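Data block below; observations after.
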Amino acid sequence: MQLPDLKEDCSRCAALCCLAYPFEAEEDFAILKEADSPCPNLGQDFRCKIHTDLIPCGFGGCVAYSCAGAGQRVTQILFKGKSWQDDPDLLPHMTYALRLLRPIHEALLVLQEIEALDLPPELRAQCTTLTLALCPEDPKTIWEFEDKNLQEALAELPDFIEAIAPFALDSA
């Protein structure tokens, strides 16, 4: 089984995180921004114009954010390198895809960490089963990630984490 790249690579993304999520003007964001609208700090080159000054400018939420590789997967794989800037009609589809894939990628990161634990065979097998369920074979469209079995596996993760907690504590 080959896991997708679970490390963000902003150079291969279309700045989807700067569009997909809303900002609330509070301690993590200096402004109010609606979902599916570009951050005013986003440049035409898909780069943040204030990246080196995010925290002083009030954007600590941006510093803490990671898409876990979902952004470049959406841009490069599902949308074949196309961009919402070239085709504005793609924007809601690309941001929806990011919001769908990011939790899957985060779950895969968690399962990758769990793999390193000394687990009994039944829990190790369950970890493998969940990982496989979250990795559709050669996905080409968003529909593969909306699959009922995949979404059920994602929903099972909190209970699985609770089941392995004693083993994680033993490893600490």
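Observations, loosely collected:
- Checking GLU26 against (1) open to solvent by 50 Å² or more (accessible area, probe 1.4 Å); (2) in contact (Cβ under 8 Å) with a residue 60 or more places away in the chain, the condition it does not meet: (2)
- Count of segment 13-28 residues which are within 25 Å of THR75 (Cα to Cα) and in a strand (DSSP E or B): 1
- All helices (runs of 4 or more DSSP H) inside segment 76-172 with 2 or more residues being open to solvent by 50 Å² or more (accessible area, probe 1.4 Å) and within 26 Å of ARG12 (Cα to Cα): 91-115
- Near pairs, Cβ below 9 angstrom, 6+ apart or cross-chain, from segment 136-159 (farther than 18 Å from ARG73 by Cβ) to any residue that is of a type in the set (Val, Ile, Thr): LEU157/VAL110
- Contact annotation: residue pairs with Cβ atoms under 9 Å, 6 or more positions apart or on different chains, pairing a residue in segment 43-54 that is on the phi > 0 side of the Ramachandran plot with a partner that is part of a helix (DSSP H, G or I), are PHE46/CYS10; PHE46/SER11; PHE46/CYS18.
- Yes/no for CYS39 being open to solvent by less than 50 Å² (accessible area, probe 1.4 Å), touching a Phe, Trp or Tyr at 6+ places or on another chain (Cβ under 8 Å) and closer than 26 Å to PRO136 by Cα: no
- Segment 49-75: number of residues that are surrounded by 19 or more Cβ atoms within 10 Å (Cβ to Cβ) and not aliphatic (A, V, I, L, M): 8
The values are calculated or read from the model by the stated rules, or taken from the named source; none is laboratory data. All of these numbers come straight from a predicted model, not from anything done at the bench. When we count neighbours, we look across all protein chains shown, and the Cβ atoms used for this are built from the backbone with ideal geometry, even at glycine. Heavy atoms of the whole protein, side chains included, go into the accessibility calculation; ligands, DNA and RNA do not. Shrake-Rupley method; radii C 1.70, N 1.55, O 1.52, S 1.80 Å.
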